[in-house]
Amino acid sequence: MDASGKKRYALLLAAKDSAYVKKIYGGYFNVFVEAFGDEGETWDIYRVIDGEFPGVKELDGYDGFVISGSPHDAYGNDPWILRLCFLLQTLDAMQKRVLGICFGHQVLCRALGGRVGKAYGGWDIGVRKVWEVPSGAEVLAFSERTGVEMFAIGDHVLGIQGHPEYTKDILHNLIDQLANKSTIDRGFADDTKSRLEGAEPDRGFWEKVCKGFLKGRQSH
């Protein structure tokens, strides 16, 4: 909470803004605030991928943190990823609320003692996943391809493999980018986009899960 009494949150951005998101939304920061923010709150951004981190003395002033997705491996040893792991261990010790999305879900798991690595079941939500959750964690959701879609530790840590912040147009653009780079097959991309038609993310559900968690309005 800041000096004015407003709730204060921080986005730990682990990816560069895509050209599309920057043009349409002004950057991922605005996408996250639109998805998870409420009127009257203060939101800050730390571009951890560029080595920008909050200072230790600043941490206590925040009510919660969100770790974004990233094209990088959560099990990698890039200096910024190792520094992020240390920060997440510190936040866990402080019992600060931390929401991890995709890469954030994975690096949160790694930092707290779980095991992450490559996914070998084909393209689903990503090419990396959580293989083993940290001690004391609870698996909240799983699928046939992904054994840990969501996990929680107490009432202060929540990891989600998917991207609840994404709108349908962002998903379409991402799928096109992956197909253009031959990361996924064009036929698969077109089929996935077709299945997304009429399947706008359920904002009500994710508000209940993610916003409820961050604001401490309810348990997961």
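The values are calculated or read from the model by the stated rules, or taken from the named source; none is laboratory data. Note that the structure is predicted; figures quoted are calculated from it, not measured. Neighbour counts run over all protein chains shown; Cβ positions are idealised from the backbone, glycine included. Note: areas computed on protein heavy atoms with side chains; ligands, DNA, RNA excluded. Shrake-Rupley method; radii C 1.70, N 1.55, O 1.52, S 1.80 Å.
For the stretch 34-42, the criterion of being in contact with a Leu (Cβ under 9 Å, 6 or more places away or on another chain), among the aliphatic types (A, V, I, L, M) and open to solvent by less than 50 Å² (accessible area, probe 1.4 Å) is met by none of the residues. Inspection of the stretch 86-97 finds no residue satisfying the criterion of being over 27 Å from R8 (Cβ atoms), within 16 Å of the chain's Cα centre (by Cα), in a strand (DSSP E or B) and in contact (Cβ under 8 Å) with a residue 24 or more places away in the chain. Scanning the stretch 146-162 finds no residues that are open to solvent by 50 Å² or more (accessible area, probe 1.4 Å), at pLDDT below 90 and out of contact with any Phe, Trp or Tyr (no Cβ under 8 Å at 6 or more places or on another chain). Scanning the stretch 8-33 for residues that are open to solvent by 70 Å² or more (accessible area, probe 1.4 Å) and in a loop (DSSP other than H, G, I, E, B) returns a single hit, K16.
Kindly indicate whether any position in the stretch 109-125 is part of a helix (DSSP H, G or I) and either acidic (D, E) or surrounded by fewer than 20 Cβ atoms within 10 Å (Cβ to Cβ) (or both). There is no residue in the stretch 109-125 that is part of a helix (DSSP H, G or I) and either acidic (D, E) or surrounded by fewer than 20 Cβ atoms within 10 Å (Cβ to Cβ) (or both). Among residues of the stretch 17-40 that are touching a residue at least 40 places away in the same chain (Cβ under 8 Å), those with a beta-carbon under 7 Å from a residue that is open to solvent by 50 Å² or more (accessible area, probe 1.4 Å) at least six positions away or on a different chain give the pairs V31/Y25. Being open to solvent by 50 Å² or more (accessible area, probe 1.4 Å), within 30 Å of E197 (Cα to Cα) and part of a helix (DSSP H, G or I) holds for only one residue in L140, L82, L174, and it is L174.
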